[in-house]
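First comes the structure, then the notes that go with it.
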Amino acid sequence: MTSTAAIVLIDCENLTGTRRLESLGRWAGAGRLELFGREGFMAPWRMALARRGLAAAAETPVPDDAPSQAADQAIARTVDALIAAGTSGPVVIASNDKGFAVDIARMTAEGMAARQDFDLDEAGLLRLVIGEIARPDGWAAAGGVGDHLIRRFGLDIRGRLGPLAARSGCAVRHDRTGLWLSAPESPA
């Protein structure tokens, strides 16, 4: 879960595909979602947000004939504006582009809470689903987790649950009601 005060800057050209769109849940509750990129890349994100009853607070489209780094430069300008405005954050840059490490470092140096979210691997998807469906006590039934992973992400974890849970930092418990999983708290 992301803080309600968070500003999430989504690089739509860098995060594409079904797994990425379904992982919108990791930014659930964010105060502000912004989309960056060419129209063809932003449209699926817009539709994924609408399916969740959400909308982007701002969109920064770049022309189709713009240089390949145009969306990245727009995100960097937004970071500049957030720093100039004295935003305290948290700010999340959602992109696989490692060049944003400089912007994260700049925001952190200014006292802003900031992080970069990359595409989720199998361990990240496991933590996401557990966080979404867990009971108030933080535990989720392994069967429900497995069902969500298969249905939403095409990820079958049968026979791999133990090693995947260990790799993802998740706790596993077995009691009279079945197998349960708990994910560590995520930052910001």
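The values are calculated or read from the model by the stated rules, or taken from the named source; none is laboratory data. Every value quoted in this text rests on a predicted model; they were computed, and no experiment measured them. FYI the Cβ positions are ideal-geometry reconstructions off the backbone, even for glycines, and counts take in every protein chain you see. Heads up: the accessible areas ignore ligands, DNA and RNA and are worked out on the full protein's heavy atoms, side chains in. Shrake-Rupley method; radii C 1.70, N 1.55, O 1.52, S 1.80 Å.
Values for this structure:
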| read-out | value |
| --- | --- |
| Theoretical FRET efficiency, 1/(1+(r/R0)^6), r = Cβ-Cβ of Asn96 and Arg158, R0 41 Å, to 0.05 | 0.90 |
| Accessible surface of segment 10-166, 1.4 Å probe, proportion on carbon and sulfur as whole % | 55 percent |
| Net lengthening on full extension, Glu122/Ala81 (0.36 nm per residue, minus Cα-Cα) | 11.3 nm |
| Amide H contacts of Cys12 (H built 1.01 Å from N, under 5 Å, at least 5 apart or other chain) | Phe36 |
| Kirkwood Rh, Cα atoms: Rg over Rh of segment 7-117 | 0.94 |
| Nearest-ten-degree value, helix 39-51 long axis tilted from longest Cα axis of the chain | 40 degrees |
| Within-12-Å neighbourhood charge of Phe100 [Cβ basis; K, R +1; D, E -1] | -2 |
| Using alpha-carbon coordinates, inclination of helix 142-153 to the longest axis of the chain, degrees | 40 degrees |
| For the chain: accessible area per residue (Å², 1.4 Å) | 49 Å² |
| Karplus-derived 3J(HN,Hα), 6.51/-1.76/1.60, for each residue of segment 95-101, Hz, glycine and proline x | 6, 8, 6, 5, x, 6, 4 |
| Prolate/oblate/rounded label for segment 122-182 (Cα gyration tensor, a/c 1.5) | rounded |
